[in-house]
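Let me begin by presenting the structure, written as structure tokens, before commenting on it.
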2 protein chains.
Amino acid sequence: MAIVGATGLVGRTMLKVLNEKHVPLDSLALFASDRSAGTEIEFRGETLTVQTLNEHSFDAIDIALFSAGGVLSRAFAPIAVKAGCTVIDNSSAFRMEPDVPLVVPEVNPHDAMNHHGIIANPNCSTIQLVLALEPIRKIFGLRRLIVSTYQSVSGAGQKGIDQLTSELQGIEPSQRISPHPLAFNTVFHGRPSDQQGASTEEEIKMRREIRRIMSMPQLPIAVTCVRIPTTGGHAESVYVELERDWTIPDIHACLADYPGLHIIDDAQQDAYPTPVSAFEKDDVFIGRIRQDEDYPRGLMMWVVADNLRKGAATNAVQIAELLMQKKS
Amino acid sequence: MAIVGATGLVGRTMLKVLNEKHVPLDSLALFASDRSAGTEIEFRGETLTVQTLNEHSFDAIDIALFSAGGVLSRAFAPIAVKAGCTVIDNSSAFRMEPDVPLVVPEVNPHDAMNHHGIIANPNCSTIQLVLALEPIRKIFGLRRLIVSTYQSVSGAGQKGIDQLTSELQGIEPSQRISPHPLAFNTVFHGRPSDQQGASTEEEIKMRREIRRIMSMPQLPIAVTCVRIPTTGGHAESVYVELERDWTIPDIHACLADYPGLHIIDDAQQDAYPTPVSAFEKDDVFIGRIRQDEDYPRGLMMWVVADNLRKGAATNAVQIAELLMQKKS
């Protein structure tokens with residue numbers, strides 16, 4: 001196996017997750033940009049040296065987890081595929097390509113089996129949401145989705161954390177992900193097109209990816225994506241109208257035993273999921289499950305996950321495990 | 001005039017706003033709890049001493065701005081009214097009482113004229129939202145509202161700011177507004193009832209107050225109220241379905257010249273309102289005005305205001321100005 005982008009936030013989390021999940025590996029090669037090459041990283045008692053990529057990097061690799069940005073994925077994923085390696089790509093480079101499956105293992109594992117060398121890992125905000133929606137969809141159907149996100153600045157990588165941390169310490173950040181301050185503030189993602197009333201890239205991604213993963217190309221989805229001064233995980237305020245009648249105990253029942261989900265919803269104990277409590281966990285957490293008083297088919301819930309774990313590294317490693325199961 | 005709760009966050013903001021707006025005052029009496037009595041506060045070159053309340057505190061007062069919590073309002077507002085004083089109450093004590101008008105001066109100023117001694121100042125999250133919705137309602141009608149809030153911890157007073165600040169400095173907070181950490185986190189407001197699937201008090205308040213102020217007792221409203229680690233103001237992700245067809249320029253046009261509103265919405269310049277940019281401003285700021293691609297009558301927008309200003313002190317002072325205009 002190989003990790004491309006091993007020194008980044010997601011790459012380092014991939015290493016942790018591979019280790020915690022005791023994923024069996026014959027070998028592990030680590031790659032990164034020229035700047036990070038030579039970095040030494042401990043893994044399972046060995047010291048691995050991060051290498052730069054070249055045309056032969058993937059000659060002896062079965063699976064490569066890419067998380068080094070879209071430009072690098074576009075350049076090296078085809079080289080890896082040609083060498084017989086399967087690429088699990090965390091960038092948005094291939095997510096909407098028809099012959100590249102976009103996979104959340106608890107939702108559409110079958111799609112992973114129909115790959116042509118590349119499998120795309122969805123956007124962090126997408127993954128936790130489709131996982132929370134899938135068990136509900138199966139039983140009650142989805143009619144309409146309205147979501148507002150509360151996203152960690154770590155979604156923009158180490159840069160985001162650095163800007164927030166510097167600002168909180170009263171230091172001018174050396175690099176920034178937004179011209180607005182992050183500390184004590186809310187900001188939106190990457191600049192949308194110059195069209196008045198346009199959505200941001202993150203909002204467009206979520207809408208497209210949810211539809212694709214859930215095989216619901218017509219599902220009405222309205223999304224507002226917001227970054228807030230958190231680092232532990234993404235939270236989402238979800239409003240979803242279901243096709244059929246439901247009750248609160250129905251929803252609890254259908255979510256309770258679903259793999260990868262964890263309900264925390266006890267008002268009397270102030271129990272609900274938070275970005276801090278989800279930090280470094282692999283599950284998606286759901287709380288504040290409520291019914292719209294005016295539209296009884298309208299369901300509200302609060303969905304939280306560590307965006308570097310289930311939103312990125314954990315999901316990619318789970319896809320790798322699917323491929324390894326198929327082989328064995 | 002008098003301010004009850006003059007040493008609190010809102011009380012101190014009331015003093016600032018009275019001064020900035022050059023509100024003509026014959027005299028100003030400051031009251032607070034026993035604990036804060038004796039505190040000296042500078043106002044227009046004079047040193048005012050904060051007094052404790054007693055049965056005769058309001059004998060020579062025309063208008064009293066109360067912001068010292070519901071318990072104190074319930075105890076002393078009737079005494080003030082009996083003394084001939086008009087009370088503008090920032091607590092939630094009287095907001096739903098039929099003979100107490102609930103007023104946002106840009107929305108329902110006429111209601112302020114029908115008071116019986118007490119006028120209620122709405123909840124902070126309510127004020128900014130109804131002000132943003134009112135010009136749209138007038139022209140296009142409202143059919144349905146779905147809101148998720150991003151609220152400053154200052155909504156819980158100095159305690160909230162203290163908990164967040166202590167946590168960010170790595171100090172154990174001496175007082176807390178939530179059993180969960182506020183730093184790098186999201187929390188919900190006061191514990192709801194023990195009923196499964198219940199809304200929090202803040203969510204219930206918003207729903208009831210919006211309907212009352214806008215005289216739309218049947219308007220479907222689904223609200224999720226969230227506190228995030230900000231101190232400058234509240235932000236709201238608003239989804240509203242209108243009764244009639246509209247375009248983005250229509251909405252810009254109807255909001256642009258409305259009193260108290262300010263549009264900041266230029267994607268190419270990363271221009272949108274934020275809690276930091278709204279801090280210490282009196283206006284309500286609106287940005288990210290978008291149309292739902294699937295339901296063209298669905299409007300999305302981002303509404304931000306300083307919750308201590310327009311969300312509390314400024315709105316109360318504006319109500320006082322309405323009363324003073326009526327008198328003169």
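Summing -39500 (n - 2.57) over the DSSP H runs of n ≥ 4 in chain A and dividing by its residue number, what mean residue ellipticity at 222 nm do you reach, to the nearest 500 deg cm²/dmol?
Values: 9 runs with 97 residues, N = 328.
That calculation yields -9000 deg cm²/dmol at 222 nm.
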Hey, with R₀ at 25 Å, roughly what FRET efficiency would residue B:245 and residue A:215 work out to, going by the Cβ-Cβ distance, to 0.05? 0.20
So how far apart, in nm, are the two label points at residue B:74 and residue A:44 if each is 7 Å from Cα heading toward Cβ? 6.4
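Ignoring trypsin sites (Lys or Arg not before Pro) that are buried or in helix or strand per DSSP, and keeping those with at most 11 other beta carbon atoms within 10 Å, what is the longest stretch of chain B between them? Numbers along the way, then the final one.
Details: sites that count: B:44, B:244.
Answer from the scan: B:45-243.
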Over all distinct Cα pairs, what is the inverse of the mean 1/r for the protein assembly as shown, reported as the Kirkwood hydrodynamic radius in Å? 26.3
State whether segment B:185-328 is rounded, prolate or oblate according to the following rule on the C-alpha gyration tensor (a ≥ b ≥ c being the square roots of its eigenvalues): a/c under 1.5 gives rounded; otherwise a/b larger than b/c gives prolate, and the remaining case gives oblate. rounded
Is segment A:1-123 best put as rounded, prolate or oblate by its Cα gyration tensor, with a ≥ b ≥ c the root eigenvalues, rounded for a/c under 1.5, and otherwise prolate when a/b is larger than b/c, oblate when not? prolate
Take chain B, connect every pair of alpha-carbon atoms lying under 10 Å apart with a spring to form a Gaussian network, then pick out the residue of B:223, B:71, B:303 with the largest mean-square fluctuation. B:71
What order do you get for B:189, A:115 when you list them from fewest to most C-beta neighbours inside 10 Å? A:115, B:189
Using the basic label-point model (7 angstrom from Cα toward the beta carbon), what is the residue A:82 to residue B:26 distance in nanometres? 9.0
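Kindly put B:304, A:187 in sequence by how many other C-beta atoms sit within 10 Å of each C-beta, fewest to most. Walk me through the numbers before you get to the answer.
On the way: B:304 30, A:187 23.
Neighbour counts put them in this order, fewest first: A:187, B:304.
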Neighbour counts of other C-beta atoms within 10 Å: give me A:15, A:48 arranged from fewest to most. A:48, A:15
Contour minus Cα-Cα span, residue A:321 to residue A:270, at 0.36 nm per residue, comes to 14.7 nm
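Evaluate peptide B:297-303: per residue, the Cβ atoms of other protein chains within 10 Å of its Cβ; return the mean as an integer.
Details: counts 0, 4, 2, 8, 2, 5, 0.
Mean partner shielding for this stretch: 3.
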Label geometry 7 Å along the beta-carbon vector: residue B:266 inter-copy distances in nm: 5.3
How far is the Cα center of segment A:83-156 from the Cα center of segment B:263-288, in Å? 33
7 Å along Cα→Cβ, label-point gaps from residue B:139 to other copies, nm, shortest first: 4.6
Please compute the average number of Cβ atoms from other chains found within 10 Å of each residue's Cβ in peptide A:257-269. 2
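Rounded, prolate or oblate, given the Cα gyration tensor of chain B, with a/c below 1.5 counting as rounded?
Values: a/c = 1.68, a/b = 1.35, b/c = 1.25.
Here chain B falls in the prolate category.
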For residue B:143 and residue A:293, FRET efficiency with R0 = 22 Å and r from the beta-carbon atoms, rounded to 0.05? 0.90
Within chain A, what is the number of lysine pairs with alpha carbons under 15 Å apart, leaving out pairs fewer than eight places apart on the same chain? 5
State, to one decimal in nm and shortest first, how far the label point of residue A:170 sits from each corresponding label point in the other identical copies (label point: 7 angstrom along Cα-to-Cβ). 1.6
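Each reported figure results from applying straightforward, stated rules to the coordinates on display, with no laboratory input. Since the structure is predicted, the reported quantities are computational estimates derived from the model, not experimental observations. Because the Cβ atoms are built from the backbone with ideal geometry, glycine has one as well, and the counts that use them run over all protein chains shown.
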